[in-house]
Structures are given as structure tokens and as C-alpha cells.
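Working notes for the structure below.
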Amino acid sequence: MRFDCVLFDHDDTLLPTFALRARVLEVAAREVLGRDLDGAAFLGQAHGRSLEQMSGDLTDGDADLAARLVTVYREHYYVENRRGLVPYPGIAELLDALARQRVRIAVVTSKHGLGARGELESTGLARYVEHLVGAEDVERPKPDAEPLRRAMTALGVLPERTLMVGDTSADVLGARAAGTRGAGALWGTRDRQTLRDLAPDYLLEHPSEILSLVRQA
């Protein structure tokens, strides 16, 4: 068996955005909710939940307030992310090598798809990505199987020949639900022990190990 396709999470798998997201979440919480929030601690416990889901948590289900929080967050985030965002070391080289081997590449993210595409464009990674499934494309985000299945359907690949790579439990559990192999991206995770406890098919310290897996398969 060989992997015909690799699905990647976006935040903290391809691009190191954790610190920026935590900082902007603190700003948005202060502006909209009038409260101080430890953004890093909150995100660290989010386990890959979407911004909409996290905003619902922070507003006790108040839909209007949650929507305002999402809007203010994005207003700040997509200004701040223009400053020096670069891929993790080895990511660009990995994607180039996979593309040369004709391995299909897609991104499956709980981030807003338009924003993720913009970051991929600005960092030079978009040319390698054939398809992207964002938060607005699904009814049920990871860890549900829906986002992964949408990506595989779009590319015409089989679950048993697909590898999902991500830094959170949502990625590992999503892979399991969709019938793909799952790999924990330890280079980007903020919760290594949770990934270890979930026992994904692979635990990877560096992006280059993905290429080794593809070659072995």
C-alpha cells in the first residue's frame, strides 16, 4: 500500500500561528466581552475546536455576542498575520517533494477557508495544495469525519490510501472517524501528551518524516 494523498491541518501544522491567535483572542475578548482572557491557556485546551465553537464557549451560547467576537477577532487577526508569518522549517521542502512524487495534497482546517487560503498564498504554499476544506464548507468540523471526506471526495482518493497530519486531538480523531491513517504533528502541538494518549498511527517530530512514511508505504 502507498499513500496517494496527504491531508494537512493548517494552524500549527503548516504554519505556526498559535501565539498570534492567542494574542488576538485576548484582544477580542477584552474588546467584546470586557474581560481579560489567558489566550494561550484557552487555546491550549481547545483541542482544535473552530473559532465559532470557541466563541460560543466564551459567550455561554449567546449567538449574537459570539458572532461579534468572531468578527472582531478576524478584523484584528487578518491585519496582524501579515507580519512575518512563515511555514515551519521543512514544510515547504516536504510539500515540494510530495508534489514531485505525485502525492495529492489538501488542507483540512477548522479555520475560515478564505483566511487559510490567503495565508497559504502569502507564504508560498498554495501552489502545492490542490484542495482546501475550511470551516464554512462543512456542517460538522473535525473531529467529525465530514471535512476529511469532503477533501477525499474532491480529490478522488480512498481513505485507506490517505494520511491525515495534524497537531490536535481533532485531527487524530477525525482521521479515525474517516478511516484514514492519522499522524500527530509534534512539531506544532501544544499538547503532546494528549496526542500520545490517543495513540495515532504515527507520531512525528519533524515534517520530513512524512516523506519517509510515503516512501515506505
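The values are calculated or read from the model by the stated rules, or taken from the named source; none is laboratory data. In this text, all values refer to a predicted model and were calculated from it rather than measured experimentally. Every residue, glycine among them, receives a Cβ derived from its backbone with ideal geometry; neighbour counts consider all protein chains shown.
A few remarks follow.
- Qualifying residue in region 65-87 (condition: over 28 Å from Ala175 (Cβ atoms), among the charged types (D, E, K, R) and touching an Asp or Glu at 6+ places or on another chain (Cβ under 7 Å)): no
- Scanning region 92-114 for residues being buried (at least 20 other Cβ atoms within 10 Å of the Cβ), among the aliphatic types (A, V, I, L, M) and within 25 Å of Met54 (Cβ to Cβ) gives a total of 3.
- When residues of region 34-44 are limited to those that are in contact (Cβ under 8 Å) with a residue 12 or more places away in the chain and surrounded by fewer than 18 Cβ atoms within 10 Å (Cβ to Cβ), the one farthest from Val172 (Cα to Cα): Leu37
- Here region 133-151 is the region considered, the condition is being hydrophobic (A, V, I, L, M, F, W, C) and out of contact with any helix residue (DSSP H, G or I) (no Cβ under 6 Å at 6 or more places or on another chain), and the residue that is surrounded by the most Cβ atoms within 10 Å (Cβ to Cβ) is Ala151.
- Subset of region 156-215 (residues that are among the basic types (Lys, Arg) and farther than 16 Å from Asp11 by Cα): Arg161, Arg176, Arg181, Arg196, Arg215
- Those strands (runs of 3 or more DSSP E) lying entirely in region 54-167 with at least 1 residues hydrophobic (A, V, I, L, M, F, W, C) and modelled with pLDDT under 95: none
- Only one entry in Ala28, Ala40, Ala46 is closer than 21 Å to Ala185 by Cα and more than 13 Å from the chain's Cα centre (by Cα), namely Ala40.
- Taken over region 55-69, the criterion of being surrounded by fewer than 21 Cβ atoms within 10 Å (Cβ to Cβ) and touching a Leu at 6+ places or on another chain (Cβ under 8 Å) is satisfied by Leu58, Thr59, Leu65.
- Among (1) touching a Lys or Arg at 6+ places or on another chain (Cβ under 8 Å); (2) aliphatic (A, V, I, L, M); (3) at pLDDT 95 or above; (4) not in a loop (DSSP other than H, G, I, E, B), the one test that Ala183 misses: (1)
- Meets criteria (surrounded by 21 or more Cβ atoms within 10 Å (Cβ to Cβ) and more than 25 Å from Gly44 (Cα to Cα)) for Leu213: no
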